[in-house]
Structure formats: C-alpha cells, structure tokens
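Each remark here refers to the structure printed beneath this line.
Readers should treat all values here as calculations from the given coordinates under stated rules, not as data from a laboratory. Fair warning: this is a prediction, and the values are worked out from it, not measured in the lab. Methodologically, a virtual Cβ is constructed for each residue, glycine included, from the backbone with ideal geometry; neighbour enumeration extends over all protein chains shown.
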C-alpha cells in the first residue's frame with residue numbers, strides 16, 4: 001500500500017513539474033510586462049474627446065511603466081474597425097482598446113458587428129464616465145424637466161429633439177427620455193451636434209441631449225437653456241444644474257462610459273497589472289484635471305465591476321432600442 005502511495009505521489013509531482021515547465025515562459029513574460037511598447041487603439045478620429053482621454057492616459061501610463069504607450073487611431077464603421085483589430089490580437093497586454101458606450105453597449109444592437117462585444121474582449125478598467133445636459137430652445141416656455149414633459153403633452157406636435165446622428169448616444173438619450181416620460185416626440189438627426197445648435201437657438205428644434213463639454217458653453221452663452229444633467233449627481237462644472245431625478249424624472253439616469261479592453265483570454269494577473277497602472281494614472285492631478293475639463297469623472301472600476309457595467313449598459317440600451325424602434329440609419 002505504501003509503495004503504491006509513493007508511486008502515485010511521484011507521478012503527481014512529475015505532472016506538476018511538467019506543468020510548471022510548460023507555463024513558465026508564459027508566466028515570465030507576464031511578470032515582465034511591459035518589455036516593449038504598448039499599443040492603445042482608439043477607434044475614433046484624433047482631436048475628439050475620446051482621443052484626448054486616451055492620449056492623456058497613455059502619456060501618464062508610459063511614465064509609470066517605463067515603456068511607450070503608443071496611440072493609434074484606427075477609424076471606420078463607428079468604431080468597429082478598431083475594436084475588431086483588438087479582438088483579433090494576441091492576449092499579451094500589448095494591444096489595448098479604448099472602448100466607449102457607443103462601441104460596446106449601443107452599436108451591437110443597431111448593426112451586425114464582426115465581433116462579440118462581450119465574449120471577444122477582456123475588461124480591464126473603466127477610465128471615465130460623463131453625463132450629458134438636456135438643453136432646450138431659449139424660447140420654449142419651460143424651466144424644468146417636469147414642465148417640459150407637461151408642455152410636450154399639451155403640444156403633441158410642437159416638440160421634437162435633435163441629435164448628432166442616427167443611432168448616436170444623444171439619439172438614444174432622447175429616445176430613452178421619450179420612453180420614460182411617455183412622450184411621442186419626433187427625432188431630428190444632424191451630422192454633428194454643432195450643426196444642431198443654430199436651429200435650437202432659433203427654436204426650429206426644441207430639445208437635445210449633448211455632452212457637457214459642448215453644451216455647457218452654449219448654455220452659458222444663452223443660446224440654449226439647460227434643464228438637467230443626466231448623471232446621478234450634479235457636475236462641479238455646473239453645480240446649479242439639477243440632475244434629471246431632481247428636475248422631475250426620477251427614473252432617468254444615463255452616463256457615457258470610456259474604458260480599456262484587451263482581447264479575450266488575457267491572464268488575470270496581467271489584467272490586474274494593467275488595471276493597476278491605469279488607476280495610478282487616473283489618480284494623478286494632471287489626468288483628473290484634464291478629464292474634468294472634458295466633463296468627465298475618472299473611475300475606479302476594475303475588471304469585474306467594469307464587466308458588469310458593460311453588461312448592464314448593454315441591456316439598458318438594447319431595451320430602449322427595441323421599445324423605441326431606434327434605427328442606425
């Protein structure tokens with residue numbers, strides 16, 4: 001009996017030794033990360049808010065890691081081309097994606113994509129969240145969300161909402177508002193929010209949801225009137241503007257998220273290593289300040305919590321898209 005026990009123990013030790021030998025190169029490679037430049041793919045044009053968020057983060061991470069974090073703008077198909085490139089890359093931590101609500105929580109429900117937005121990626125860290133402002137034409141006789149809803153009910157053909165394009169986040173936010181408030185208001189898409197502001201100012205269109213960084217200056221200039229912010233708390237940049245809940249629609253809350261993803265199959269220790277570097281960068285005054293300038297709050301979400309955010313946001317927007325019959329074109 002003892003002889004058999006010793007034999008089994010020897011076999012188990014031999015198998016364990018073989019496993020260690022088999023995985024040792026991989027473990028050493030992960031422990032050494034990064035030993036070469038890291039690529040951060042941003043699937044949107046240079047100069048925009050998403051690009052700025054990514055470049056500020058990349059620069060600060062590079063100083064911490066001792067390796068360049070090289071930003072590559074891979075454009076096309078509303079972010080799908082850059083996202084697909086990361087989904088098909090090696091899970092070694094050297095190719096990362098700056099993903100957004102539009103690329104991973106909205107677009108999958110509007111068109112067929114060449115990747116699975118959840119199964120084909122490894123969530124690493126959310127980096128920022130930002131609310132939008134609900135703004136109205138200055139000649140519209142309302143000063144709160146509750147008044148806007150009442151006015152739209154009394155004038156069923158007198159209120160429409162503009163957006164920066166079919167299937168855009170502002171479009172979805174408007175559709176979400178219409179659904180929760182029980183309004184049948186019409187959507188008027190523009191090729192960018194900047195093109196909608198002249199018509200908002202004149203009263204040709206009445207309502208729009210837009211990012212804080214672009215809508216707040218319009219509000220301060222008197223071109224539009226801001227009624228509420230879509231986040232669950234007021235913005236330090238606009239402390240006088242109430243949340244949607246405070247202004248009359250308690251169920252409404254919408255945030256645009258930005259986060260770092262890698263391809264599927266990344267080792268958990270490597271994922272945590274990258275997340276730690278991201279969070280270290282996000283905690284610096286330089287990054288916090290720049291993100292705040294863009295109307296964003298830095299985030300502390302790690303892999304597990306970020307994965308839950310992506311899934312819950314995807315479920316929410318899928319429901320809005322189906323119930324409001326939202327189309328990308």
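Being within 20 Å of residue 147 (Cβ to Cβ) and surrounded by 18 or more Cβ atoms within 10 Å (Cβ to Cβ) is the filter here; which residues of the stretch 184-207 pass it?
Within the stretch 184-207, 185, 200, 205, 206, 207 qualify.
Of all residues in the stretch 298-313 being touching a helix residue (DSSP H, G or I) at 6+ places or on another chain (Cβ under 8 Å) and crowded, with 18+ Cβ neighbours inside 10 Å, which is nearest to residue 123 (Cα to Cα)?
For the stretch 298-313, the residue satisfying everything is 303.
Name the residues in the stretch 148-164 that are in contact with a helix residue (DSSP H, G or I) (Cβ under 7 Å, 6 or more places away or on another chain) and either under 20 Å from residue 104 (Cα atoms) or part of a loop (DSSP other than H, G, I, E, B) (or both), would you?
159, 163, 164
Got a sec? Which helices (runs of 4 or more DSSP H) wholly within the stretch 208-299 have at least 1 residues that are in contact (Cβ under 8 Å) with a residue 12 or more places away in the chain and closer than 27 Å to residue 181 by Cβ? Talk me through it step by step, then tell me what you get.
Details: elements: 212-220, 244-247, 268-282, 285-293.
In the stretch 208-299, 212-220, 244-247 are the helices (runs of 4 or more DSSP H) which contain 1 or more residues that are in contact (Cβ under 8 Å) with a residue 12 or more places away in the chain and closer than 27 Å to residue 181 by Cβ.
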